[in-house]
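Down below is the structure, laid out as structure tokens.
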Amino acid sequence: MDCSQCGGKRLNNIALSYKILGMDIAEMTKLNSEKLLSILPQLESTIVAKVGDTGATLLCKPLRHKIQMLIHLGIGYLSLNRETYSLSTGEQQKLRLLGIAGIDLTGITYILDEPFAGLDSTETQRIKDLLGELTTKGNTVVLIDHSPAGLVSSNRIVEFGPDAGEKGGEIIFDGRPEELANNRKTPTGLIFSEDVRSSEKSKPHSTNGDIVIHDINNNVLTIPTGCFTAITGPTGSGKSNLLLKVIGESVTQQRPINCKSISLPFAIKIVNVKEVTGSGTPYSTVGTQLGISNFIRKQLALTTEANKHKITPGFFSPQSSGGRCEACAGTGVHRIALDLMPDYQEQCESCNGTGFTEQALQFRWQELNISQWQQLSIEEINTRLNHESAINTLLKTAIQMGIGYLKLGQSFGTLSSGEQQRLHLVSSMLEAKGKVLFLFDEPTLGLHAKNIAALRQVFEILLMAGHTIVAADQNPFLINTADNLIILHRAIQSNKSLSFSCSPFLFKTLNR
């Protein structure tokens, strides 16, 4: 509900009394870049009349350049007052790039982390043009990127490997893109291989019913269950809205949400893999997310020595008093907040960074105390516990997902978005009971093609178990393996209900 005093404009009457071309600042910021560009000549004339030609040039030249860049990048439809939290990943990326492109400096080194993330193939050329503009000015651009678009647009490629975690950190290739294209010995070199691309196709999966959704204009969208459906389209087309606010919310509540109607073949449980929790607390770790930490604590409490002292599993938890170090509250570090800089942390002197007391560290299972277990990777734990069927499937699935290098006690907040999403997927898979609809919002974000191949294998496990997968993504290495493909154009919102385009060209079954 809009504020009764300002009508949602957020400013008082004094601020709103000043107008340009008959519009106050709130009305002006409601315009998008395309509309603003059309009235810019009129605005320039008004400024010339007030401050002269020189002042108008100083004010309007950079404004015109930024507006034209917004339009060139394909986001000229965004209103100036659009909240940034409501933007898609691709829209946010473009705005960040625009911020640095608008600075007329030379001799600067720009380090960009995955600038092509969230963009489809039709949009990548615009980013290449922008990066080219930066280098033409005499700047240096360093990309951290996995995408083919980022690789082929570079002058030099440095590949690190040969694997992730402690098995990485070595330079395994350093050369030009055309040299990498002929190098099949590195993971990134295989991206350029046509053999790898063609091997991605898999047999189609049979459906056991359809989720049928009618939008507010009575267009029909069909999601076959037991299959993998990919939603793709350019930035701002509404992929995430369709995935989460229409399909997700409607199936969760078993009634139409943001659409006109929905019919379900049977009761379906939703698992939204983007809903990753726990990153805000230092006690959330890889082990707690997977439930392995609880298993280790129980085994320590079952040892003869622990039974003698009546020790419970909670004694080995950093979240409860007993065995944890109270000086650092079980975190192993002391954090010091600094103004205008990231927080500084130093190792706790009382426990030497273990987070536990000397008494807690005396209890051992398989010759390891709780701190030593926390330092093991998933792969190392799997080797030690290959006889424990209770967690064997969990560990092997995590390794198959390419995160076997993560350590049990590693803080969840230090993981990349790709690691968090895969970790959450592993735990969700084991909890899946009955028919489950897995929703993925940009699951390939931050993933190398090698990791995407592992993700596809897990998708296949879910599909073979009869579950349904719907993913909103742009990456061809993933969407080319879908049973069904939904291609969206820019979404239309009306009366707070999402209207999506749907036609034989926008919804089709891929022939496999």
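The values are calculated or read from the model by the stated rules, or taken from the named source; none is laboratory data. Being a predicted model, the structure only gives us computed values, none of them experimental. Note that we place each Cβ from the backbone using ideal geometry, even for glycine, and neighbour counts take in every protein chain shown. All accessible areas refer to the heavy atoms of the entire protein, side chains included, with ligands and DNA or RNA removed. Shrake-Rupley method; radii C 1.70, N 1.55, O 1.52, S 1.80 Å.
Ignoring ligands, DNA and RNA, what percent of the accessible area of the chain is carbon or sulfur (1.4 Å)?
52
For percent of Cα pairs over 34 Å apart, pick the label among (i) 44; (ii) 35; (iii) 51 that corresponds to the value derived from the coordinates.
Calculated percent of Cα pairs over 34 Å apart: the matching label is (iii).
What does the charge count around L36 come to, taking other residues whose C-beta lies under 11 Å from its C-beta (Lys +1, Arg +1, Asp -1, Glu -1)?
+3
Once each part is reduced to its C-alpha centroid, what is the distance from the range 390-443 to the range 446-473 in angstrom?
A separation of 12 Å, based on Cα centres.
Fully extended, how many nm does the chain gain between L98 and H214 (0.36 nm per residue separation, minus their Cα-Cα distance)?
38.0 nm
How would you order 144-157, 122-135, 464-477 from highest to lowest mean count of nearby Cβ atoms within 10 Å?
Ranked from most to least packed, the peptides come out as 464-477, 144-157, 122-135.
Arranged from highest to lowest average of other beta-carbon atoms within 10 Å per residue, in what order do the peptides 402-412, 377-387 appear?
Highest to lowest by the protection proxy: 402-412, 377-387.
What does the extension gain come out to for I14 and V152, with contour length at 0.36 nm per residue minus their alpha carbon separation?
Length gained, I14 through V152: 44.3 nm.
Only residues of the range 1-36 count here: report those whose backbone N is under 20 Å from the spot 7 Å along Cα→Cβ of V48, or say none.
The answer is 20-22, 36, whose backbone nitrogens lie closer than 20 Å to the label point.
Separation of the range 137-180 and the range 28-78 by C-alpha centroid, Å?
Each part reduced to its Cα centre gives a spacing of 38 Å.
If packing is taken as the average number of other Cβ atoms within 10 Å across a peptide's residues, how do 320-330, 281-291, 165-175, 234-244 rank, most packed first?
Put in order of decreasing packing, that is 234-244, 281-291, 320-330, 165-175.
Mean residue ellipticity at 222 nm from the helices of the chain, using -39,500 (n - 2.57) per DSSP H segment of n ≥ 4 over the full residue count, to the nearest 500 deg cm²/dmol?
Taking each H run of at least 4 residues, the total per residue is -10000 deg cm²/dmol.
Given 37 °C and 0.692 mPa s, how large is the Stokes-Einstein diffusion coefficient of the range 305-374 in µm²/s, with Rh as the Kirkwood radius over Cα pairs?
Translational diffusion coefficient: 254 µm²/s.
Describe numerically, in nm with one decimal, the distance between label points set 7 Å from Cα along Cα→Cβ at D113 and at N182.
Those two pseudo-labels are separated by 3.6 nm.
Which entries of K94/K435; K239/K407; K298/K396; K407/K435 have Cα-Cα distances beyond 30 Å here?
The pairs that break the limit, which is 30 Å between Cα atoms, are K94/K435; K239/K407; K407/K435.
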